[in-house]
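Reviewing the structure listed below.
The values are calculated or read from the model by the stated rules, or taken from the named source; none is laboratory data. Being a predicted model, the structure only gives us computed values, none of them experimental. Cβ coordinates were reconstructed from backbone atoms using ideal geometry, including for glycine residues, and neighbour counts include every protein chain displayed.
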Amino acid sequence: MTDAPVFKVEHVAFGYNNRLVLKDISCDIERGEFVGIIGPNGSGKSTLVKLLVGILRPKSGSIQVFGEPLETFKEWPRIGYVSQRATHFDVGFPATVREVVSLGRVSRVGLFRRRQKADEEAIDRALEDVGMVDMQARLIGNLSGGQQQRVFIARALTQQPEVLALDEPTIGVDPEAHLKFFELMRHLHDHENLTIVLVSHEVDVVMTEVTKLLCVNQELLFHGTPQQCLTDNCLVQLYGEGYHVVSHSHPWTHK
């Protein structure tokens, strides 16, 4: 179904060990959107994105992916995913940047098939997209956090996905890497036609970057444009009393 939403979520609930994390979540994510998922710690943001990319399955309700029920959807290379813990690994891991990025092709070609010209071209393109061509021979453990972040985004891009889902991708990176990350996201969204789903705790930043917000605290409290969602009233309902919008170096921030 070419006109179907990328994700259609209907009355989804999920829990861990009989503890409900998400309840009655319903929303659509359309092709070409840049969607931010925000909410307080423990609100279910990461759980929601894991449900979208098929890592978890709903306890109740349904999810459709490109018009296909989640349970029968098979074309997972169409969705690239960068987890919250993507860069948490042994710094002595003996692999180069290019070797790590090339692992993204496994979902396309299989584990044991020799890479072809098209695979190498996809790896080259992904490295170019994230600005890591000049570092492709370096060991992954010798890179900064921001550089490692780009490597794992490149790994997801080698799948040549239509959707890129990222879970708290800016945790632990320095301000310069943070700025470059959002420059990269803008490029991928605007020029590579990627639909992007981004879990973030940075309300002031996502205000200026995304086209749509999902405000989650077990339930989907609000969804719409940042301007519709990031009002004082909405933020108080989402984060509690004492949280409000003020004018600062960004259009939106809090204290």
In the range 186-231, the residues that are without any contact (Cβ under 8 Å) to a residue 24 or more places away in the chain and of a type in the set (S, T, N, Q): Thr225, Gln227, Gln228, Thr231
Tally of residues being under 23 Å from Ile25 (Cβ atoms) and part of a helix (DSSP H, G or I) across the range 207-236: 10
- prompt: When only residues in the range 1-40 that are touching a helix residue (DSSP H, G or I) at 6+ places or on another chain (Cβ under 6 Å) and assigned to a loop (DSSP other than H, G, I, E, B) count, which is farthest from Gln64 (Cα to Cα)?
  reply: Pro40
message: Quick check on the range 237-255: of everything there that is farther than 30 Å from Gly15 by Cβ and not in a loop (DSSP other than H, G, I, E, B), which residue is modelled with the lowest pLDDT?
response: Thr253
field: Qualifying helices (runs of 4 or more DSSP H) (wholly inside the range 114-206; at least 3 residues being surrounded by fewer than 18 Cβ atoms within 10 Å (Cβ to Cβ))
entry: 117-129, 175-191
- request: Considering only the range 34-45, state which residues are surrounded by fewer than 19 Cβ atoms within 10 Å (Cβ to Cβ) and at pLDDT 95 or above.
  value: none
message: Suppose the filter is among the hydrophobic types (A, V, I, L, M, F, W, C), in a strand (DSSP E or B) and surrounded by 14 or more Cβ atoms within 10 Å (Cβ to Cβ); does Val49 pass it?
response: no
